[in-house]
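Undergrad: Starting off with a structure, shown below.
Nothing in this text is a laboratory measurement; each read-out follows from the coordinates by a stated rule. The structure displayed is predicted, hence computed values, not measured ones. Glycine also receives a Cβ, built like all others from the backbone with ideal geometry; neighbour counts cover every protein chain displayed.
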Amino acid sequence: MSAVDVIRTKRDGGRLSDEQIDWVISAYTRGVVADEQMSALAMAIFFNGMDATETARWTAAMVDSGETLSLSVNRPTVDKHSTGGVGDKITLPLAPLVAACGAAVPQLSGRGLGHTGGTLDKLESIPGWRAQLSTSEIAAQLDTVGAVVCAPTEGLAPADRKLYALRDVTATVDCIPLIASSIMSKKIAEGADALVLDVKTGSGAFMRRLDDARGLARALVDIGADRGLRISALITDMSVPLGRAVGNAVEVAESVDVLRGGGPPDVVELTLALAREMLALAGLSVDPAPVLASGAAYETWCAMIAAQGGDPHAPLPRPTHTHMVSAPTSGILSTLDAFAVGVAAWRLGAGRARKEDPVQPAAGILCHAKPGDRVDAGDPLLELHTNTPDAIPAALAALEGAFTLTDTTPEPRRPLIIETLRPQP
Ligand code: URA
């Protein structure tokens, strides 16, 4: 087998055979296929795509490049994956809620890159909390607490880790077969019985257009169903930040509000919708709303944080500097652009530009008003938090044109949960 032949097949618009896919993924993981050859292949796939059969095989080869966790727990296992958005802290209340309803939730999560935040970065703002767990620690915590949110173990889908880093620097990330196989290889290797996907669409999402989000959701669901996973996808709106908090510690605080029976209505709505879908796929007929209201999910949250060395009751980091953006006129807030708010929070230090950059736990933005709210001139709109005040002008520049105030009630926005996709019969 030769890398040049594999590249040429795809460059010329052909289909990759199972043997070509298995070989190229394995050889790339072992360093036999060079980065420049894999870059050329990724670009050929970017332009010529892969069909569903090729994508399924590509995913399987990436799963086989490493270990698969065997989660022998005595409850059904179910996970959630979000394609990422601004203010998307849903994993934080969701994992303990679904565990409190009787399922086991092994959620191997990522760090933020660019304008979308990362779950691990958010949780690391809790004093003492540890993201890196061994396979046996994950299994033990699933047994005792029922929920684990942690970093992927080293041995999980190493081909994807290498390829994703390469795609990042070769402009080949935004390609549906490569995204779908990347996400699903990690989720399949994680070994849960069921998976619910939250595929976001709108300005703050990876897939800004609804049709692209549908395409990605379909590709993800098809790969999972092909592997025998119980799987479905919710396509949800990401044109406005989720909730009122965007950043790290501020999102943890908002998640705790939800777990204690409060929190913004959109965060509660999406948490409950995803919990219902996860529980249905796990075969548990439990209504998560009363479980959330009872405080049982908050207790599971405290146990989950403590099991990973964190103090769930410790004060969260506070910023050294804040800056308020106030309403320039009176009116109804009709738009608040998720992408602009995400970029501003990132510039304040909540996110990173390169994988190795640190993040500031206290950085972020609090949205004092959301679309539909009436405000008077001078009322607080956006509260910027940072430890690096020099970053404030750049954050303000990102927020230019990010919101509009109108005299009349705006048209109703599309629903938060736009549609649900299930495997094709
Ligand atoms: N997230 C992933 O894990 N992989 C991609 O390719 C894109 C987003």
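Undergrad: Going through region 345-412, which GluC sites (Glu not before Pro) have at most 12 other Cβ atoms within 10 Å and a DSSP loop state?
TA: Loop-located and lightly packed - 356, 400.
Undergrad: Using alpha-carbon pairs under 8 Å, 6+ residues apart, how would you state the relative contact order of region 3-49 in percent?
TA: 51 percent.
Undergrad: Within the chain, what percent of beta bridges assigned by DSSP are antiparallel, to the nearest 5?
TA: 55 percent
Undergrad: Hey, got a sec? Which trypsin sites (Lys or Arg not before Pro) in region 322-376 land in a DSSP loop and have at most 14 other Cβ atoms within 10 Å?
TA: When the trypsin sites (Lys or Arg not before Pro) of region 322-376 are filtered for loop state and at most 14 Cβ neighbours within 10 Å, 354, 355 remain.
Undergrad: Report the Cα centroid-to-centroid distance between region 266-305 and region 204-265 in angstrom, as an integer.
TA: Their Cα centres are 15 Å away from one another.
Undergrad: Still on this structure, I have one more. For region 183-330, just say rounded, prolate or oblate: build the C-alpha gyration tensor, square-root its eigenvalues into a ≥ b ≥ c, call rounded for a/c under 1.5, and beyond that prolate if a/b exceeds b/c, oblate if not.
TA: oblate
Undergrad: Would region 78-314 count as rounded, prolate or oblate if I go by the C-alpha gyration tensor, calling it rounded below 1.5 in a/c and otherwise prolate when a/b exceeds b/c, oblate otherwise?
TA: Taking the square roots of the gyration eigenvalues as a ≥ b ≥ c, region 78-314 is rounded.
Undergrad: Let me ask something else about it. Could you pull out the GluC sites (Glu not before Pro) across region 67-172 that fall in loop regions by DSSP (anything but H, G, I, E, B) with no more than 12 other Cβ atoms inside 10 Å?
TA: Passing both the DSSP loop test and the Cβ count: 154.
Undergrad: OK, next. Which of rounded, prolate or oblate describes region 321-406 when judged by the alpha-carbon gyration tensor and an a/c cut-off of 1.5?
TA: prolate
Undergrad: Here is a follow-up. How big is the Kirkwood radius of region 251-397, worked out from every pair of different alpha carbons and given in Å to one decimal?
TA: Across region 251-397, the inverse of the average 1/r is 17.7 Å.
Undergrad: Between region 120-198 and region 336-391, how far is it from one alpha carbon centroid to the other, in angstrom?
TA: Result: 26 Å between the Cα centres.
Undergrad: Something else: So which of 10/200; 10/187; 200/370; 162/200; 186/370 end up more than 23 Å apart by C-alpha?
TA: Violating the 23 Å Cα-Cα cut-off are 10/200; 10/187; 162/200; 186/370.
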